[in-house]
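Here is the structure we will look at.
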Amino acid sequence: MGGPAKRRANEGRYAHSAATASSSGDTSSSGKASRSVHSHAPSTSGHSRHSRQYDGNRDPGSPGSTGARSPSSRSPGSATASSRTGTERNPETSKVIIENKNLDVGTYGRAVMRGDNLHGSLCPRPAPSKLGTAIKMGLNVFGVSIGKLSKMPVYQYDVHIGSGTEKRGLLDKVWQSQAVRKALGEGFIYDGNKLAWCSRKIDRETRITVDLDAEQNRPPSKSGKDNKHRAVISFTNPVYVDRFESYLEGTVAFNNAVLETLNFLDHMLRETPRNNFTAIKRSFFARGEKRFDLGNAVEAFKGVFSSMRIYHAGLNKGRLAINVDVANGTFWTASMLHVAAVALTGKRDVNDLIVALNRSGERGREGQALKKMRRIHVIAHHRRGETDNYCIDRLVYKSAKEYKFDKDGKMISVYDYFAKEFNIRLQHPDLPLVLMTKGKNTMLPMEVLKIKENQRYVTKLDDKQTSNMIKFAVEPPPGRWESIKHGLGMLDWANDPVLKHFGVQVDPNMTTVDARLIPAPKVQFGAGDAKPGTSGRWDLKGKKFLSGNVASLKSWAVCVISGRRGGKPDKATIDRFIAEFIKIYKGHGGRVENTDPASVLASGDDVGGWVTETWNKAGNQSQMRPQILLFVLPDKDSITYGRIKRSADCRYGVVSQCMQFSHVQKCQAQYISNVCMKFNAKLGGQTSRAMGPKSGGPTGIFQTPTCIIGADVSHAAPGSQAASMAAFTMSMDRLGIRYAAACETNGFRVEMISTDNINNMLKPQLQAWMSNVGGGQFMKRIIYFRDGVSEGQYQHVLEQEVRDMKALLKTANPNIDIPFVVIVGGKRHHIRFFPPQGKGDRNGNPLPGTLVETGCTNPFENDFYLCSHSAIKGTARPMHYHVLLNEAGMGNEELQTLIYEQCYQYIKSTTPISQHPAIYYAHLASNRAVPHDPNWSGSSDATPSSGQQTGSQGKTGSSADETTFSKLMPMPNQGAINTGMWYI
């Protein structure tokens, strides 16, 4: 697809040079403003700060291509989005103003794009950190030079095709048509939606009618409906590259001219690979690559991810660079459709599938699995010497012999039609038929259809596929770098005709930056401290927990569940394990008064009954409320696990611990010690604390009473109708070791946590903090860690979530003004660290504590990357932290120290983790609370009730689903489960 012939054709398209381009139109002006970029006051530069809510940068063929932002994300006073609009005309300047969700422009850039004012609240980039020691670090980032481009004109055009409701595939066909090419000439870059660019200026509006039937040498439709489409291309404004360069120098603020230039550069970078490869957002996949079978008709292969953005270059300056990484894509296996259906449903052969479908039909397990085939593209090969392209609408559960249609006034079955018309005798006529989106009631048999190559698989992988995907995707740094170099070969920037034409050059060598290595803290236990150094590892041998269980263990019981094949674990094995467990737990400082807990041998399938019997046995034995329940499970059945947790958490308000029988049978000391960490945490204990040079002693970070809050919103798998789950965690001691957690449904795929959820979840936690930690007093500062939000949502975190938290505090005391520090942590990025040879760990990963503040960060905002963990497998992914608000005036070195050292306090681990524990605990809690949904049945789909689903601002959260979700079942207030670590 990207071979020499096509490359030569592309070179021909861009053969004309800047010298031959028309110079009759507007040219770039310097436009430099005296205002410093750090003032964060938008510089209009001839462009209005009019509000915008349209996305002009959806990738061609990507789902959800309407371009309109959801109502919950609109700015006040914004205009109404049309059905397909990527641009909005500025009435003052007649320029086209765009908002591009795929561009990385920083928090301030997003605010300017929306026409908002941050009122100076955004944290500017501070001086570089001096923590630890200086080191060098390689990044998968490649510098870009645009020197020649700034001296040549670039013109932006508005493209309007059809009525504005056409799908991306049709837009691309019209744009690629001979009629459009003839009218416009070569050398245009198209964003696949609404904008185009060229170095030639066309002043007059160009109107073109494209007949796609004539273009493709097809006869007109028998229905009489033509296939003609109108395209209107009109000049909007020049692209001011010189103003973009001034922004990089730090002499002007972000404005619409900067945005338009960055948008153009982004599409310029993608133009050639988009035409040569399968494009999925910013990733590109070549045909003919080596495939890896994931099972069930799904395969994976590697492509390349590339993203152009602005990075910090030191001295308050930015530079243009490209982040290149491996892209691991999942695709349908290009096989005959009926073969794929057998694999997808896990059946032995076609006959086995037919029997299953006849038995349970569309509503059965196999029928539900086959629904995944909707909207995939297939090729029909039944016409002699011809192939037809179709898109599957759905399966129709009628056989080819049953389904009849009118043919020349006579009813004929699909089976007989194929035999008579194409001399094809269907081998499996009892399979469902396939209804296509094209044509009126176009119905075809499965066995004449083949899935097209490189069809993206968008459904959640099952457990087996996920395991295979991990094996395929996980690579140590040397292997990942080789895969990145393969991607660089695919992109082939040196021979890209578009980049050549515009005089843009890309450095093929990785960027090397100055980084810091923060020293590891000492891990303090009750006895036997650990000094992990750069290893990122320690063990529990000879160590006592920092604090044991709050109350001596008296009331507990053990429930043993038999295997599904009737196998019963013998009592001697269980007794031996419990005796060893008690011995090791006591050795770690646990207090156990009852060394012979009650036991239950579960029978039947009533999971709730198991929990009730275990609860009663424990309570009756000790004559007191049970403190914890243990369950020994025969396997990893997630449904059984979820039902146990649901019943224990919500019916009885008691913490529980599940273990697999295979581990119990082995009775290994290391496994027991690992379980003891969770067991002790659930009973109110602490495993350890981190003690660093700056965090320990009388001048430590926590000498100021500090409350740490973490938040995460998890969403169900694609295609699921389950509710999103919001979770808050809050530190419940002065050192930020133990965290309480609260969860609630948060609408359908709504990322911002609603006001009601903030009030209902945080109020009890704040009251508990004041009682248990603050001695009845408020905290002096709050550090809020937010996970899972994109750059475009940073301002919403401040304007919605932080605003609601402050309002909640003022309900207790109107005069209170607790300073907030707001930090967003994210791992959904493609930045990777590559230490010099011999300077990393044994796998080639960076050492724990590696801090990078330049080369891959925002030029003017306060963000940094921190690799706090030691990766066991693959290439370590650093955590990206962005400081949005710092009312407490904490220095970056203090924040970086706090984050890094608290990663050593994760309560159930003997290694530092990759992200701050408050975020990690919120993620755990949001997933653990899924069974608390009253409609949960063990599947990924919840059953919403009828009515309106509300979003984060009380508005409709989704235009597609008008549903509301039930609240989670509450956990009883008895005991300490609500302020404990039930989710560990």
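The values are calculated or read from the model by the stated rules, or taken from the named source; none is laboratory data. The model shown is predicted, which means the values in this text are computed figures rather than measured ones. Note that each Cβ is placed from the backbone with ideal geometry, even for glycine, and that neighbours are counted across all protein chains shown.
Residues Lys407, Lys420, Lys450, Lys438: which one is farther than 21 Å from Arg363 by Cα, in contact with a helix residue (DSSP H, G or I) (Cβ under 7 Å, 6 or more places away or on another chain) and exposed (fewer than 14 other Cβ atoms within 10 Å of the Cβ)?
One residue alone meets the criteria, Lys407.
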Quiz item: Out of all the residues in segment 560-586, which are closer than 16 Å to Ala598 by Cβ and either at pLDDT 95 or above or surrounded by fewer than 12 Cβ atoms within 10 Å (Cβ to Cβ) (or both)?
Solution: Val560, Lys571, Ile574, Asp575, Phe577, Ile578, Ala579, Phe581, Ile582
Quiz item: Identify, please: which residue in segment 796-842 is over 21 Å from Val141 (Cα atoms) and of a type in the set (S, T, N, Q) and is, among those, surrounded by the most Cβ atoms within 10 Å (Cβ to Cβ)?
Solution: Gln800
Practice problem: Test Arg359 against the criterion of being part of a helix (DSSP H, G or I), surrounded by fewer than 17 Cβ atoms within 10 Å (Cβ to Cβ) and not aromatic (Phe, Trp, Tyr), and give yes or no. | Solution: yes
Self-check item: Unmet criterion (only one of (1) closer than 18 Å to Tyr983 by Cβ; (2) touching a Lys or Arg at 6+ places or on another chain (Cβ under 9 Å)) for Val607
Solution: (1)
Practice problem: Quick one: count up the residues across segment 609-648 that are among the charged types (D, E, K, R) and either farther than 21 Å from Gln974 by Cα or out of contact with any strand residue (DSSP E or B) (no Cβ under 8 Å at 6 or more places or on another chain) (or both). | Solution: 6
Quiz item: Got a number for residues in segment 407-427 being out of contact with any strand residue (DSSP E or B) (no Cβ under 8 Å at 6 or more places or on another chain), of a type outside the set (Lys, Arg) and not in a helix (DSSP H, G or I)?
Solution: 5
Quiz item: If a residue has to be assigned to a loop (DSSP other than H, G, I, E, B) and of a type in the set (Val, Ile, Thr) to count, how many in segment 799-852 make the cut?
Solution: 3
Practice problem: Looking only at segment 214-221, decide whether some residue is among the hydroxyl-bearing types (Ser, Thr, Tyr) and without any contact (Cβ under 8 Å) to a residue 24 or more places away in the chain. | Solution: yes
Practice problem: Hey, can you tell me all the residues within segment 363-395 that are among the acidic types (Asp, Glu) and closer than 24 Å to Arg348 by Cβ? | Solution: Glu366
Self-check item: Single match in Ile919, Ile907, Ile899 (criterion: within 24 Å of Cys650 (Cβ to Cβ), crowded, with 22+ Cβ neighbours inside 10 Å and modelled with pLDDT of 95 or more)
Solution: Ile907
Quiz item: Can you spot a residue in segment 275-294 that is surrounded by fewer than 21 Cβ atoms within 10 Å (Cβ to Cβ), assigned to a helix (DSSP H, G or I) and in contact (Cβ under 8 Å) with a residue 40 or more places away in the chain?
Solution: yes
Exercise. Name every residue in segment 632-659 that is of a type in the set (Val, Ile, Thr), without any contact (Cβ under 8 Å) to a residue 60 or more places away in the chain and in contact with a Lys or Arg (Cβ under 7 Å, 6 or more places away or on another chain), in order of residue number.
Key: none
Practice problem: Go through segment 610-725 and tell me which strands (runs of 3 or more DSSP E), entirely inside it, have 1 or more residues that are among the charged types (D, E, K, R) and buried (at least 17 other Cβ atoms within 10 Å of the Cβ). | Solution: 689-691, 706-714
Quiz prompt | In segment 174-203, the residues that are over 15 Å from Asn263 (Cα atoms), surrounded by 17 or more Cβ atoms within 10 Å (Cβ to Cβ) and under 35 Å from the mean Cα position of the chain (by Cα) | solution = Val174, Trp175
Exercise. Any chance you could count how many residues in segment 790-810 are closer than 16 Å to Gln765 by Cα and either touching a Pro at 6+ places or on another chain (Cβ under 7 Å) or at pLDDT below 95 (or both)?
Key: 0
Self-check item: Selection count, segment 768-795, where residues are on the phi > 0 side of the Ramachandran plot and buried (at least 20 other Cβ atoms within 10 Å of the Cβ)
Solution: 1
Exercise. Filter segment 243-253 down to residues that are buried (at least 24 other Cβ atoms within 10 Å of the Cβ) and not hydroxyl-bearing (Ser, Thr, Tyr) and give me whichever is nearest to Phe860 (Cα to Cα).
Key: Ala253
Practice problem: Kindly indicate whether any position in segment 504-514 is surrounded by fewer than 18 Cβ atoms within 10 Å (Cβ to Cβ), acidic (Asp, Glu) and modelled with pLDDT under 95. | Solution: no
Quiz item: Exactly one of (1) assigned to a helix (DSSP H, G or I); (2) modelled with pLDDT under 95 is unmet by Gly250. Its number?
Solution: (1)
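For segment 520-535, enumerate the residues that are surrounded by 17 or more Cβ atoms within 10 Å (Cβ to Cβ) and either within 30 Å of Val154 (Cβ to Cβ) or not hydrophobic (A, V, I, L, M, F, W, C) (or both).
Pro521, Lys522, Gln524, Gly526, Pro532 - these are the residues of segment 520-535 that are surrounded by 17 or more Cβ atoms within 10 Å (Cβ to Cβ) and either within 30 Å of Val154 (Cβ to Cβ) or not hydrophobic (A, V, I, L, M, F, W, C) (or both).
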Quiz item: Of the numbered conditions (1) more than 19 Å from Val773 (Cα to Cα); (2) outside the structural domain of Gly608 (by TED's automatic domain parsing); (3) under 30 Å from the mean Cα position of the chain (by Cα), Gly692 satisfies every one except a single condition; which is it?
Solution: (3)
